[in-house]
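Let me begin by presenting the structure, written as structure tokens, before commenting on it.
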Amino acid sequence: MHIFAIANQKGGVGKTTTSVNLAAALAASGQRTLLVDLDPQGNATMGCGIDKRTLTSSVYQVLVGLAGLAQARAASPSGGFDVLPANRDLAGAEIEMVDLDRRELRLKEALANHAADYDFVLIDCPPSLSLLTLNGLCAAHGVVIPMQCEYYALEGLSDLVNTIKKVHAKLNPDLKIIGILRVMFDPRATLSQQVSSELEQHFGDKVFRSIVPRNVRLAEAPSYGIPGVIFDKASKGAQGYIAFAQEMLERVSKF
């Protein structure tokens, strides 16, 4: 079982879009996949076609010990993968978890009992360095960093790399950066090209070859509760994520 956190402390950079579409593309390739929604907004949950307002149990109950993963997970009706869903309850989990033993390892321990159920677990982390994100990073074998090729994104990236180093040193020696994915890419913008080449110079083969362009169809898909790679497979954005999933499978085979 490969566990990857999709993380970037900057908001609006395509973490949820990447998580949902990678999960659907991996599932379409025959991989047994679980998507864990660790964001109290529950956007990944809704984007998979699961109504967060009607959940009887969610990742919140799993983290605070009120339910097991088997009780809380749900199948994405459109995506072909399982989801550990989230809703607003999760916002209160951080306060409750402060007093719990091994609070940063709650997700890791919940997943450990289901290692035989899945080939891939993807964790959609919230856009902050919170106890929830820490649970994601402690559970993961690696981090996938989606980022836009903009100036401010580079600053946020250095902060995130430092955080990953700290978690690796103190809490999770298995944690490494799997790669950086360029998303919402506009090839016409000079700045995008400059930042893209800077990334390649600095991070080398850690930068995925696949690039996901800015795409209206990807943005429309969540309102239908269908991953973009299924909603409009022929769109440029969907093709970018399908290529990314194949590249991910190649990287994993080399571990």
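Things worth noting here:
- Mean ellipticity per residue at 222 nm, deg cm²/dmol - from DSSP H runs of n ≥ 4 across the chain, formula -39500 (n - 2.57): -13000 deg cm²/dmol
- If R0 equals 35 Å, the separation of the Cβ atoms of Lys236 and Leu100 corresponds to a calculated FRET efficiency of about 0.20.
- The stretch 183-255 - Debye-derived log10 I(q)/I(0), Cα point model, q = 0.23 Å⁻¹: -1.03
- With the gyration tensor restricted to C-alpha atoms of the stretch 1-79, the semi-axes of the equivalent ellipsoid amount to 19, 16, 13 Å, longest first.
- Looking at the chain alone, DSSP beta bridges between its own residues are antiparallel in about 5 percent of cases.
- Computed from the C-beta positions of Asp117 and Tyr152 and an R0 of 45 Å, the FRET efficiency is 0.70 to the nearest 0.05.
- Difference of contour (0.36 nm per residue) and Cα-Cα distance, Lys170 to Ser128: 13.2 nm
- Per-bin percent of Cα-Cα distances, the stretch 130-230 [10 Å]: 14, 38, 34, 14, 0
- Calculated Rg and Dmax of the stretch 38-153 using C-alpha coordinates, Å: 14.1, 43
- Peptide packing: for 63-76, 12-25, 91-104, the average count of neighbouring Cβ atoms within 10 Å per residue gives the ranking 12-25, 63-76, 91-104, highest mean first.
- Among beta bridges that DSSP assigns inside the stretch 1-148, antiparallel share in %, nearest 5: 10 percent
None of the figures in this text is laboratory data; all of them are computed from the coordinates on show. For clarity, every value in this text was computed on a predicted model and none was experimentally measured. Cβ: placed from backbone, ideal geometry, glycine included. Neighbour counts: every protein chain shown.
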